[in-house]
Each structure stands twice: as structure tokens, then as C-alpha cells.
Amino acid sequence: MSTSPLTCCINPSILSADFANLEAELARISNADAVHVDVMDNHFVPNLTLGLPVVARLQQVSPVPLDAHLMIADADRWAPLYADLGLASVTFHVEAAMAPIKLARELRARGSKAGMALRPATPVEPYLDMLPELDMLLLMTVEPGFGGQAFLDVVIPKIRRARAATEGAGIDLAIQVDGGITEETITRAAEAGANVFVAGSAVYGKPSPAEAIESLRANGQLAFTRDRAADNTPQD
Ligand code: DX5
Ligand code: ZN
């Protein structure tokens, strides 16, 4: 039996949506758990997307909660301003934060869930003691910056170690993966312990984004629950 109350969530990334019709694009994913909003500043990553004014309008018109992924420098300064917009969750990169514990507390104090992201080559071990400060840990499964890249299997052991650490500490932390999530890779990520899945091309690249969401969620939930159940089976 699984004892984990964590559910499987599909957060489509609007990076793969039509930027000229964002309100209509949000309506196509109204069955999603949240919409993943990729904010890039051309400093932390070599790409530029959108910022506070656009995210503020998305927050007003979106049928689903906003999950902001800030791929920006000087996260300590900017992330709280995103929380002030009333977003459901705000995720900053640890590589861009001077004081990640202080920042996570500030996000929670402003009413957002606190997420922290790690690039693929950033180890999770230095941050294990601060996991209780977070609502979500984002383990990037591609180098941040662009949609449509191939899933990095090298990140799988890190997902497994992060989930083992949260289970060992009795914390129900959401573990999000972002980049290269498909019908196939979602199974491997979920088996390793991820339960929140960002998908750009695998949702918006399909004729029916809503059907793609349902299918991904079914695959992810099955693999996540199956593996948690196996882990929690008492050993005789
Ligand atoms: C990449 C972004 C991702 C991206 C995922 O830096 O953080 O959210 O949109 O796109 P896919 O699912 O196409 O890899
Ligand atoms: Zn993202």
C-alpha cells in the first residue's frame, strides 16, 4: 500500500504555447493542475521570455493556478515580487539566490508556495537540510533555457536520492521535473519519485492538449504510485 498523500500533477509549460494568444492557450489546458510559466532574463539563461507585467495579466485570466519558474539572476530581489502577484507557487534557482532559506521563507510569508530549482549538474545533497523550508523541489531534466530538448537520464539518480531523503525525513515534498517530459520519460521520472511534471511540447505540440494532459497524468500516477507502494511494502 502506498502511504504517500502526494498526487501526480501535470503543469503544461506556456513556453510551447502561442505567445500571441496566451489567454486562448490557457483555455486549452483548463484540466491541468497548474500552468508552468517560464520567466527568462537572458542572463541566468541565454533566452528571454516574459516578466512581471505579463505574468500579472496571466494570473488574472488563467483558469488554473500559476506555477512560475524563474530562470533569472538576482532571485532574492525579484522572486518576492512574483509572490506578491498572488501566484500559487514561485520557484527560484538556487544557483541564482544568495540566501535561499531567507528567500523561501519570504515567498511563503507572501502567500505563495516556495519552490527551489536545481540545474541538472547541481547536486541536491548540500540542500537536504533545508527541504522542510520548501513546498516544491524542481530538478531540471534539461539545461534550462529552451523547450523541446531531450530528457537527461543522468538526473534520475538525483530524483531517487531526493525522494529517499524526503521519505526518510517524513516530509511530503513535491518533486517537480521539467524538460523533455514525454509519455515515455514520465514513467522513469515518476518511478524515481517525481510527482509534478512540466510538459511543454508534449502538451502544446499535440492536436488536443487536454487529452495529452489526461494521458500523461494517468501514466505518471501509475508509475509514481506503483513505485511508492513497492518502497513501502514491509520486508519479512
Ligand atoms: C526549459 C523550461 C521548460 C520547458 C519545457 O528551460 O524550463 O519548462 O518549457 O519544455 P519541454 O517540455 O518541451 O521540454
Ligand atoms: Zn520551466
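Quick notes
- Candidates Asn219, Asn195, Asn21, ranked by Gaussian network fluctuation over the chain, Cα under 10 Å, top entry: Asn21
- Alpha-carbon centroids, segment 6-41 and segment 164-180: separation in whole Å: 22
- For the chain, the fraction of 1.4 Å probe accessible surface lying on carbon and sulfur atoms is 55 percent.
- Once both labels are positioned 7 Å from their Cα atoms along Cα-to-Cβ, the gap between Ala150 and Ala230 label points is 2.5 nm.
- Simple spin-label estimate for Arg160 and Asp172 gives 2.6 nm between the two label positions (7 Å along the Cα-to-Cβ direction from each Cα).
- Extension gain for the segment Ala121 to Leu81, taken as residue separation times 0.36 nm less the Cα-Cα distance, is 11.6 nm to one decimal.
- You can think of it this way: the chain between Asp74 and Glu211 has 45.5 nm of extra reach, that is 0.36 nm per residue less the Cα-Cα gap.
- Chain lengthening between Val61 and Ala20 when straightened (0.36 nm per residue, less Cα-Cα): 13.3 nm
- Prolate/oblate/rounded call for the chain, Cα gyration tensor, a/c under 1.5 rounded: oblate
- Extending 7 Å from Cα along the Cβ direction at Ala99 and again at Glu143 yields two label points whose distance is 3.2 nm.
- Measuring only protein heavy atoms, the 1.4 Å probe finds Ser201 accessible over about 60 Å².
- Beta bridges per DSSP with both ends in segment 9-231, % antiparallel, nearest 5: 5
The values are calculated or read from the model by the stated rules, or taken from the named source; none is laboratory data. Since this is a predicted model, take the numbers as computed values, not measurements. FYI the Cβ positions are ideal-geometry reconstructions off the backbone, even for glycines, and counts take in every protein chain you see. Areas reflect the complete protein model, heavy atoms only, side chains present, ligands, DNA and RNA absent. Shrake-Rupley method; radii C 1.70, N 1.55, O 1.52, S 1.80 Å.
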